[in-house]
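Take a look at the structure set out below.
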Amino acid sequence: MNPYTIFADIVAGRAPASRVYEDDDVLAFMDIRPFTPGHLLVIPKIPARSLAELDPALGAKLFTVGQRLAAALRDSEVACDGVNLFLADGIAAGQEVFHVHLHVIPRTAGDGFGLRGRPTSPPRADLDYLANSIRAALNHG
Ligand code: 5GP
């Protein structure tokens, strides 16, 4: 099955993204349709369509990076009170992009987010602003 998705283009730098963290194996960037401000995606650079295809060592790394980003979100201007980590594996689970990704979703009381939450459409400048703030908090953590 063709492993191509837009995330491969983001990894390669062929598509724009508001990057927050990057190392040899993993990339994190702002979700283009965030459920709450600061919503991030963490992906393995090597494409895996599903958890079954994902190297467990990379899966562990996704969670480790997600855990660090959760702390950075609390310390950044996002200033959330809580964080949801969410990963949709398969169509029935709501997966739309078939390149494994861990959602890191900032939460505040009454923010209205739920599994039936509605995405928003902030301009790129807003995404970049929060990306800078989160990146700075991450680098100081
Ligand atoms: P899924 O439903 O597969 O768990 O989530 C896919 C996520 O990818 C959605 O939250 C969606 O907003 C995000 N997404 C889809 N295409 C793009 C894109 O081109 N750039 C970014 N930054 N996020 C995307």
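Would you tally the net charge around CYS80, using a Cβ to Cβ cut-off of less than 11 Å, leaving CYS80 out, and scoring K and R as +1, D and E as -1?
Charge balance near CYS80 sits at -2.
For the chain, list log₁₀ I(q)/I(0) at each q in 0.13 Å⁻¹, using the Debye formula over Cα point scatterers of equal strength and ignoring solvent, two decimals each.
These q points yield log10 I(q)/I(0) values of -0.52.
Just want to confirm a number: the relative contact order over the chain, from Cα pairs under 8 angstrom separated by 6+ residues, in percent.
31 percent
By the scheme Lys and Arg +1, Asp and Glu -1, what is the net charge of all other residues having a beta-carbon under 13 Å from that of ARG118?
Counting the neighbours of ARG118, the net charge comes to +1.
Please work out the C-alpha center-to-center distance from region 75-129 to region 36-71 and express it in whole Å.
13 Å
How far is helix 124-140 tilted off the main Cα axis of the chain, in degrees rounded to 10, range 0 to 90?
90 degrees
With point charges of +1 on the Cβ of Lys and Arg and -1 on the Cβ of Asp and Glu, referenced to the Cα centre of the chain, which listed residue (LEU102, PRO119, ALA137) lies farthest in the positive direction of the dipole?
PRO119
Bear in mind these aren't lab numbers, they're just calculated from the coordinates by the rules spelled out. Treat the numbers as computed from the prediction; the structure is a model and nothing was measured. Quick reminder, even Gly has a Cβ in these numbers, built from the backbone with ideal geometry, and neighbours come from all protein chains shown.
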